[in-house]
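The values are calculated or read from the model by the stated rules, or taken from the named source; none is laboratory data. These figures come from a predicted structure and were not determined experimentally. Every residue, glycine as well, gets a Cβ built from its backbone with ideal geometry; the counts of neighbours run over all protein chains shown. Heavy atoms of the whole protein, side chains included, go into the accessibility calculation; ligands, DNA and RNA do not. Shrake-Rupley method; radii C 1.70, N 1.55, O 1.52, S 1.80 Å.
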Amino acid sequence: EPEVTQTPSHQVTQMGQEVILRCVPISNHLYFYWYRQILGQKVEFLVSFYNNEISEKSEIFDDQFSVERPDGSNFTLKIRSTKLEDSAMYFCASSERTSGTDTQYFGPGTRLTVL
Amino acid sequence: GDSVTQMEGPVTLSEEAFLTINCTYTATGYPSLFWYVQYPGEGLQLLLKATKADDKGSNKGFEATYRKETTSFHLEKGSVQVSDSAVYFCALSLAYNTDKLIFGTGTRLQVFP
């Protein structure tokens, strides 16, 4: 069964450093998402992406964050200058088309630790 | 604002016990409702969903009914197995102008033999 993959599984970085989290969505999917979960808190929506542009973003997704689909398979989340509060599990998801009833398929997550 | 509230865990049960994980929501309009499950080391997987009031979603012995009058979508299973041990997330999507999912905090279920 096709699945969403994410790399790395765990990333440790120093505060102020840039990190890039990578995702490979399911191949025929057109809509891509990033969510995050700070330990002990809710899974929060960050951004959705379609047709090479952001379709929606949350208040969390400020100028420090960016997303890109650099080629036909990868979808990346970049944090330009990490802060301690960026420490969280980051989940990538994809779906075939946008609809509130469509299933979003999630990857296993990348645990980001900012020291 | 729109939100989902789940019962806190962990929920600890013996094998073959009855499971209920409570989920209530606050939303403008008519959301679609979902239960996702996360097994250790894996991503979030859709367990079941319901898109309108009184719909019942079911999968792998789990069920949840969309109750508009009580704004609830409680997850139930008649007889849990050790392999059901996981974290369960309730979520909603507003559908009409956005496709983002709004999640609860997740409830960890531990089933012992």
Just wondering, is there one or more residues in the range B:1-8 that are open to solvent by 70 Å² or more (accessible area, probe 1.4 Å), modelled with pLDDT under 95 and outside any strand (DSSP E or B)? yes
For the range B:59-73, what are the residues that are open to solvent by less than 10 Å² (accessible area, probe 1.4 Å) and assigned to a loop (DSSP other than H, G, I, E, B)? B:66, B:73
Restrict the check to the range B:11-29 and report whether at least one residue is modelled with pLDDT of 95 or more, under 12 Å from the mean Cα position of the chain (by Cα) and within 25 Å of residue A:25 (Cβ to Cβ). no
Scan the strands (runs of 3 or more DSSP E) fully inside the range A:41-115 and keep the ones with 2 or more residues being touching a His at 6+ places or on another chain (Cβ under 8 Å) and over 20 Å from residue A:10 (Cα atoms). A:88-95
The range A:54-73 residues that are in contact (Cβ under 8 Å) with a residue 40 or more places away in the chain, paired with ones that are open to solvent by less than 70 Å² (accessible area, probe 1.4 Å) (beta carbon under 6 Å, 6 or more apart): A:55/A:48; A:73/A:24
Would you point out the residue of the range A:1-54, among those that are within 10 Å of residue A:94 (Cα to Cα) and touching an Asp or Glu at 6+ places or on another chain (Cβ under 6 Å), that is surrounded by the fewest Cβ atoms within 10 Å (Cβ to Cβ)? A:29
In the range B:45-58, is there at least one residue being away from chain A (no Cβ under 11 Å), β-branched (Val, Ile, Thr) and open to solvent by 10 Å² or more (accessible area, probe 1.4 Å)? no
Can we say residue B:37 is in contact with a Leu (Cβ under 6 Å, 6 or more places away or on another chain), surrounded by 13 or more Cβ atoms within 10 Å (Cβ to Cβ), of a type outside the set (D, E, K, R) and part of a loop (DSSP other than H, G, I, E, B)? no
Residues being loosely packed, with under 14 Cβ neighbours inside 10 Å and either closer than 14 Å to residue B:33 by Cβ or in contact with a strand residue (DSSP E or B) (Cβ under 9 Å, 6 or more places away or on another chain) (or both): count how many of those fall in the range B:82-96. 2
If the requirement is being touching a Gly at 6+ places or on another chain (Cβ under 8 Å) and either at pLDDT 95 or above or within 12 Å of chain B (Cβ to nearest Cβ) (or both), which of these qualifies: A:91, A:75, A:61? A:91
